[in-house]
Structure formats: C-alpha cells, structure tokens
Amino acid sequence: MSHYDSLETRSADERAAAQLATLNAQLARIGFDPVSELSALAGLPVLRKSDLGQRQKDSKPFGGIPVANLAHVFQSPGPIYEPGGVSHDWWRMGRFLHAAGVGKGDIVQNCFGYHLTPAGMIFENGARAVGAVVLPAGTGQTDLQVRAAADIGTTAYAGTPDFLKVILDKAEEMGERLSLTKAAVGGGALFPSLRREYADRGISCLQCYATADLGNIAYESPAMEGMIVDEGVIVEIVRPGTGDPVPEGEVGEVVVTTLNPDYPLIRFATGDMSAVMTGQSPCGRTNLRIKGWMGRADQTTKIKGMFVRPEQVAAFVARHDEIARARVVATREGEMDVMTVRVEAPSGAGRGYEDSIVQTLKLKGKVEIVPPGSLPNDGKVIDDQRVYD
C-alpha cells in the first residue's frame, strides 16, 4: 500500500529542518523567542493538563492560546475545552486510517462519541480525508448498530477496542453476517488476545494513540512494530514530573508539541508513559517510533475508554461522610474492562454508592465494602491490575 504522502518517507535531516521552521512559527504565535535547533525545545516550559485547566478558567475558553479557523468547541472531563477545525485532516487521523487500509469505497461505522467530547469528530474528519463514507453511529445502542452495519454494509469500524467485540457478539446472537474487515481503534488498550480474536474473525485491527487536545500522536502501520509518530507533532519522552528528556529506550512521560497552526500547544504533557524505539519501521515510514501506551505517569487510568482521575475518586469519597477511603481497581473479564470500587465503610453501608460512582467517575462500577483500615496504606487510589503484555 502506498504511503499517505511524501512526508512519511523523508530523511531525518529533511524532517528536522521542516519541523524547526514550523516550530519557530508556532513559538512566534504564542510570543516565544525562536530556537536554533530542535533540542532547544527541552528548555521550554511543560504545559500540564491541570495548568491548562486553570489557564482556561482565568482566560476563557482556551486559556489565552491563540486559536484560528475555529469550527467546533468540545468539552472533556475537567472540564477542559478543545477547539476543532473542519479543514482537511485537521486532527491528522486520515494518516492513521490510510495506514489501516481505510479509503475510498469504505463505509466507516464510527462508534466514537459525538456528544461534547471530540473523538467522534476526530475520526469523522479523518475518514473524510481518505474519502470514506461515515455512519455516525456513536456509542451504545448495540442492536441498532448491528442492524445498521448489516443493512448498509459497513466495511470498517472506528471506536474503542472492546466495543467492536460487543457488536460482533450481538450480530452472532441476531444471526446477522457483517461485512467488517478493518478496524481502527483508540481510546483504550488493544490487548493481543483481542486483536487475535478479531483476526480470527477476518478483521484487521490497528490502533492509534491520540488525545482530545492534540489529535493523532502516533499510530500503527501494518508492520505492527511499535507506533509511528505522526508527521504533525514533535514527541519527547521525559522523566515524569519534569521536562527533562530521558535516554532512548527509557520509559518516561510523553510530551507533545503540535505543529497545527490553528492551535499551537507547546510541550503539552500527556500524562502517558512510553519509550522511544530504535530503528525504523519495516513499512518504510521513517519517523520516530514509540512503544505505545505503557501506563500513566500519575494514577490517572483509562477504563472503558474514559479517564478516571484521583480527584474524581476524592469527589466520590467526599459525598459520603461514612467512607474513610476508596480505591478504584481496574481489571479484565474476558475482553472487557471492569471497574471495581473498594470502599472502606461500616458494614451495612453502600446505599446510593452506585449512583454516586456514576456521577463522579462517569462510569458504572462494582462496589465492594471493606472494613475500615483494610485498604493498603500505599497512597494508591487507582490500581490498574490489567496486564498489557
């Protein structure tokens, strides 16, 4: 398959020169002095999501960051507000979809949410960029999803990794044969066992690494050897809690500078952990590769495609005077994420906890009442017990 464009096969020197020129244009947009080399980026301050949230409170809606060609405003948990554009491949998701084999002639069943958060529009914009037709399916309503997929003949799925299995299992239950052969997933971990199950069902499944703020950061190609950094960002791996780059191969926090002139984010700390891989992808794309998502630099964890943050756990505890402490535990049952909330409270407590969890954590979860003082005294409020190997 041909590459998306010539940017993907540039030499390292060509890429560095182009990135430096574009970076200095970005720095000028936010009032920073130019730099003489890309390595000087490490001397600029890191922008953390919590800092961005505070800046947006002080200077609504985008924290004083200059935004151009605005078409949409999205709200993510925090709340954090993100701008969105409608120009060609604005979030650069078309590059990933092309690598996943999606293009003209495909009908993409887009099962990312369209409500407030940008994921649905991010993938729709990318599908348009590669000439595919979109079924804006959104989340849930599995019976209707199967009916539409069967009637329309959707050929590609876009959504979280595990929701595709829900659709496929429901289709078998309903006696429907679907035409899906490609899947482009994100918003959660793609476990090897789940990828194998999709392959056994005739579906090639590749994943990307993207955020609401930055768009596509890195993506898999058919070579499936790490994730190739997108051509529209500069990625650094830094020591968590600092802005200091770590040596190649060492695990650290992913910090991203976007080269999108419409929304110049400089050294935005994702809170995600990864590491740089040596060498180049066998697919011929020459950009830097990272190992993909390797956990969180803090305790924030993605469960069922949604971030769960320590401050949300604290908000749940604050709602109930009888709760001493609580811990969110993320596990797997089959190929599905499971969230269990262990609550230190007197025996007999627990009424209303399920509703409170949904209101604060934005997800349904199991509740386990444990005796006061029984949770480990290790400072953890979110414990991700899932295995990613």
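The values are calculated or read from the model by the stated rules, or taken from the named source; none is laboratory data. Just so it is clear, the structure is predicted and the values come from calculations on it, not from any experiment. When we count neighbours, we look across all protein chains shown, and the Cβ atoms used for this are built from the backbone with ideal geometry, even at glycine. Accessible surface is based on the protein model in full, side chains and every heavy atom, while ligands, DNA and RNA are left aside. Shrake-Rupley method; radii C 1.70, N 1.55, O 1.52, S 1.80 Å.
Counting the residues of the range 152-166 that are of a type in the set (A, V, I, L, M) and surrounded by 21 or more Cβ atoms within 10 Å (Cβ to Cβ) gives 3. The C-beta contact set for the range 128-151 (first residue in contact (Cβ under 8 Å) with a residue 24 or more places away in the chain and surrounded by 15 or more Cβ atoms within 10 Å (Cβ to Cβ), second residue part of a helix (DSSP H, G or I) and among the basic types (Lys, Arg), distance under 7 angstrom, 6+ apart or interchain) comprises THR142/LYS170; VAL146/LYS170.
ALA158 - would you say it is part of a strand (DSSP E or B), in contact with a Phe, Trp or Tyr (Cβ under 6 Å, 6 or more places away or on another chain), of a type outside the set (Lys, Arg) and within 19 Å of PHE96 (Cβ to Cβ)? Criteria met by ALA158.
Checked across the range 213-231, the condition of being outside any strand (DSSP E or B), farther than 26 Å from THR9 by Cβ and open to solvent by 50 Å² or more (accessible area, probe 1.4 Å) holds for no residue. Being closer than 30 Å to ASP298 by Cβ, of a type in the set (D, E, K, R) and free of Cβ contacts under 8 Å to residues at least 12 places away in the same chain holds for only one residue in ASP58, ASP33, and it is ASP58. Of all residues in the range 167-185, none satisfies being assigned to a loop (DSSP other than H, G, I, E, B), under 20 Å from LEU97 (Cα atoms) and within 19 Å of the chain's Cα centre (by Cα).
Criterion applied to GLU172, GLU197, GLU236, GLU225 was being closer than 16 Å to ARG48 by Cα and of a type in the set (Asp, Glu), and the one residue passing it is GLU236. Can you tell me which residue in the range 55-108 is most open to solvent (accessible area, probe 1.4 Å), limited to those that are charged (D, E, K, R), in a loop (DSSP other than H, G, I, E, B) and more than 16 Å from VAL133 (Cα to Cα)? Filtering the range 55-108 for residues that are charged (D, E, K, R), in a loop (DSSP other than H, G, I, E, B) and more than 16 Å from VAL133 (Cα to Cα), the one most open to solvent (accessible area, probe 1.4 Å) comes out as LYS60. Mind listing just one residue for me: the one in the range 117-152 that is within 25 Å of GLU335 (Cα to Cα) and among the small types (Gly, Ala, Ser) and, of those, farthest from the chain's Cα centre (by Cα)? Across the range 117-152, the extreme among qualifying residues is ALA150. Does any residue of the range 1-11 turn out to be assigned to a helix (DSSP H, G or I) and more than 24 Å from the chain's Cα centre (by Cα)? Among the residues of the range 1-11, at least one is assigned to a helix (DSSP H, G or I) and more than 24 Å from the chain's Cα centre (by Cα), which makes the answer yes. Once the range 36-54 is narrowed to residues that are over 18 Å from PRO240 (Cβ atoms) and among the hydroxyl-bearing types (Ser, Thr, Tyr), the residue that is most open to solvent (accessible area, probe 1.4 Å) is SER36.
Considering (1) in contact (Cβ under 8 Å) with a residue 12 or more places away in the chain; (2) surrounded by fewer than 23 Cβ atoms within 10 Å (Cβ to Cβ), say which one CYS208 fails and leave the rest. The failed condition is (2). Selection of strands (runs of 3 or more DSSP E) fully inside the range 313-389 by the criterion of at least 1 residues being surrounded by fewer than 19 Cβ atoms within 10 Å (Cβ to Cβ) and without any contact (Cβ under 8 Å) to a residue 12 or more places away in the chain returns 325-333.
Taken together, VAL246, VAL254 contain a single residue that is aliphatic (A, V, I, L, M), open to solvent by 10 Å² or more (accessible area, probe 1.4 Å) and farther than 21 Å from TYR157 by Cβ, which is VAL246. Screening the range 26-35 for residues that are closer than 26 Å to PRO118 by Cα and either among the hydrophobic types (A, V, I, L, M, F, W, C) or in contact with an Asp or Glu (Cβ under 8 Å, 6 or more places away or on another chain) (or both) and picking the one that is surrounded by the fewest Cβ atoms within 10 Å (Cβ to Cβ) gives ILE30. Of the set (1) polar (S, T, N, Q); (2) under 20 Å from ILE303 (Cα atoms); (3) out of contact with any Phe, Trp or Tyr (no Cβ under 8 Å at 6 or more places or on another chain); (4) free of Cβ contacts under 8 Å to residues at least 40 places away in the same chain, all apply to SER193 but (4). Within the range 293-307, residues that are in contact (Cβ under 8 Å) with a residue 24 or more places away in the chain have Cβ atoms under 7 Å from residues that are among the polar types (S, T, N, Q) and open to solvent by less than 60 Å² (accessible area, probe 1.4 Å) in these pairs: TRP293/SER274; MET294/SER274; GLY305/THR160; PHE307/THR300, counting only partners at least 6 apart in sequence or on another chain. Scoring ARG267 on the criteria (1) over 23 Å from ALA17 (Cβ atoms); (2) in contact (Cβ under 8 Å) with a residue 40 or more places away in the chain leaves a single failure, condition (1).
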